[in-house]
Amino acid sequence: MTDVIIKIAIVDPSSIIRSGLSVILKRLQGYHVHTFELNSLDFLASNIRTQQPDLVIVNPTYWGVVDIENLKQLTKNSVIRFFALITAAVDEKMLEAYDEKIHLYDDVESVKLKLDSVFDVLESENEESQTLSPREKEIIVGVVKGFTNKEIATNLFLSTHTVITHRRNIARKLEIHSTAGLTIYAIVNKLVELNDIKQR
Amino acid sequence: MQHKFTPRTRMFNLINDDASLLSSVSRFGISLGLGEKTVEEACKLNNIDCTTFLAVMNFLAEENVQPDDLVEKISIETVIGYLKNAHVYFLNYKLPIIREKLNDAVSETEHLHSYKVVLLKFFDEYVEEVAKHIEYEDKTVFPYVINLLHGVRNPAYRIADFEDHHTDVDSKIAELKNILIKYHPTEEVNYRLNDVLLELLWCEKDLASHNMVEDFFFVPVVELIENKLSNTTMA
């Protein structure tokens with residue numbers, strides 16, 4: 001089982017609350033959590049742009065209404081979630097834009113359940129084997145030899161879309177994302193010879 | 001706001017408290033043999049802006065804290081000097097040493113020859129990426145900021161562009177670490193390889209905190225100068 005890696009920005013004026021929440025999040029089983037603490041909303045926009053967090057846990061009322069729709073526009077490729085961090089009585093209307101709410105007195109288990117509800121842990125929790133299918137191995141060989149997705153697709157009579165899906169699965173199973181990394185894997189597992197790589 | 005370290009903290013205590021600060025202390029140009037010197041004394045002796053030194057140390061020690069009321073008093077030249085020294089450290093010192101140790105740690109048997117070739121190739125590609133990132137900062141970002149300090153604003157550039165370029169250089173070193181842990185074809189315990197792995201882990205952390213300083217300390221301060229400058233030109 002592979003841990004789900006998530007980046008979380010914690011935005012609250014209280015450093016005691018930020019640090020406490022950060023400790024709880026790092027204890028969660030099945031997650032590898034990186035947290036960033038922000039003591040005001042001012043830097044949240046630039047933080048979202050540079051750090052691309054997967055989740056923002058924010059005090060929903062301290063600075064007035066948080067413009068979540070606008071903040072969501074700031075990340076390019078990934079979906080960013082927003083949890084409200086509730087430390088005092090809040091008008092429910094102000095929380096409609098949030099994906100979830102974390103309350104000051106939530107225990108670790110319920111925080112975990114709330115994360116589970118938005119992050120796709122099922123995928124990694126079902127004990128799928130990390131070993132590669134023959135097809136996936138063929139695709140690694142293609143990648144390592146320097147073929148493009150399109151060329152691999154043509155050679156194996158697949159659609160480019162299928163090749164991309166395979167590559168995503170390979171990256172997840174092996175935890176290797178770069179071609180240079182896949183090359184090492186392929187050599188170690190004797191999928192290719194050194195000469196195969198040097199040709200291109 | 002109250003911070004962990006103050007001008008009157010002894011340098012010995014600062015380093016003793018968190019050894020990972022040692023590399024940052026060096027990047028400010030402060031060497032060991034500090035005696036009983038306080039932060040203030042050590043900074044004065046080495047001609048370093050004490051406020052900036054402390055702001056960086058506290059930023060690193062307290063983790064994830066925004067520079068607050070200090071922002072106005074930060075010497076951006078000092079920060080740039082610090083970042084440049086870090087660049088030289090990684091590129092000209094640390095990474096070549098790790099490569100050499102990696103090279104020595106993997107034996108040159110027939111069986112491992114191909115493995116060693118691709119492993120070192122991976123490492124070289126990684127270093128190339130780091131070098132590219134560093135070159136962009138040294139040649140584009142820092143000169144832009146220096147001009148900004150002199151009141152000259154290149155209208156075609158904003159520090160926000162830097163954020164776009166700032167891809168995570170540390171993610172690839174993490175991948176190398178994963179590969180060694182999961183796929184290294186070993187038949188026996190290799191202490192030397194373990195040492196390389198530990199050094200990689202340390203370097204990964206060091207690079208990550210270097211990037212933190214850039215993203216959360218340097219960039220916000222520069223953004224502030226940018227805003228101030230565009231306000232005055234408009235007025």
Quiz item: Taking the stated definitions as given, is B:Asp164 within 14 Å of chain A (Cβ to nearest Cβ), at pLDDT below 85, part of a helix (DSSP H, G or I) and within 29 Å of B:Leu200 (Cβ to Cβ)?
Solution: yes
Quiz item: Given the conditions (1) surrounded by fewer than 16 Cβ atoms within 10 Å (Cβ to Cβ); (2) touching a helix residue (DSSP H, G or I) at 6+ places or on another chain (Cβ under 9 Å); (3) more than 26 Å from A:Phe43 (Cβ to Cβ), and given that B:Tyr93 satisfies all but one, which numbered condition is not satisfied?
Solution: (2)
Practice problem: Would you point out which residue out of B:Ser31, B:Ser114, B:Ser24 is at pLDDT below 95, outside any helix (DSSP H, G or I) and not charged (D, E, K, R)? | Solution: B:Ser31
Quiz item: Do we find a residue being under 26 Å from B:Ser114 (Cβ atoms), in a helix (DSSP H, G or I) and at pLDDT 90 or above anywhere in the stretch A:118-135?
Solution: yes
Self-check item: Looking only at the stretch A:81-119, and only at residues there that are of a type in the set (D, E, K, R) and within 15 Å of A:Leu28 (Cα to Cα), the one that is surrounded by the most Cβ atoms within 10 Å (Cβ to Cβ)
Solution: A:Lys112
Quiz item: In the stretch A:1-26, which residue that is basic (Lys, Arg) and either within 23 Å of A:Arg172 (Cα to Cα) or within 13 Å of the chain's Cα centre (by Cα) (or both) is modelled with the lowest pLDDT?
Solution: A:Lys26
Quiz item: Of these, A:Gln51, A:Gln29, which one is under 30 Å from A:Leu174 (Cβ atoms), surrounded by fewer than 16 Cβ atoms within 10 Å (Cβ to Cβ), within 16 Å of the chain's Cα centre (by Cα) and touching a residue at least 24 places away in the same chain (Cβ under 8 Å)?
Solution: A:Gln29
Quiz prompt | Which listed residue is at the interface with chain B (Cβ under 10 Å from one of its Cβ atoms), modelled with pLDDT of 90 or more and crowded, with 18+ Cβ neighbours inside 10 Å, from A:Gly142, A:Gly181 | solution = A:Gly181
Quiz item: Does B:Ile179 count as over 17 Å from the mean Cα position of the chain (by Cα) and assigned to a helix (DSSP H, G or I)?
Solution: yes
Exercise. For the stretch B:50-68, indicate whether the set of residues that are in contact with a helix residue (DSSP H, G or I) (Cβ under 6 Å, 6 or more places away or on another chain), modelled with pLDDT of 90 or more and among the polar types (S, T, N, Q) is non-empty.
Key: yes
Quiz item: Any residue at all in the stretch B:75-87 that is outside any helix (DSSP H, G or I), on the phi < 0 side of the Ramachandran plot, away from chain A (no Cβ under 14 Å) and aromatic (Phe, Trp, Tyr)?
Solution: no
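The values are calculated or read from the model by the stated rules, or taken from the named source; none is laboratory data. Being a predicted model, the structure only gives us computed values, none of them experimental. All Cβ positions, glycine included, derive from the backbone under ideal geometry; neighbour counts span all protein chains shown.
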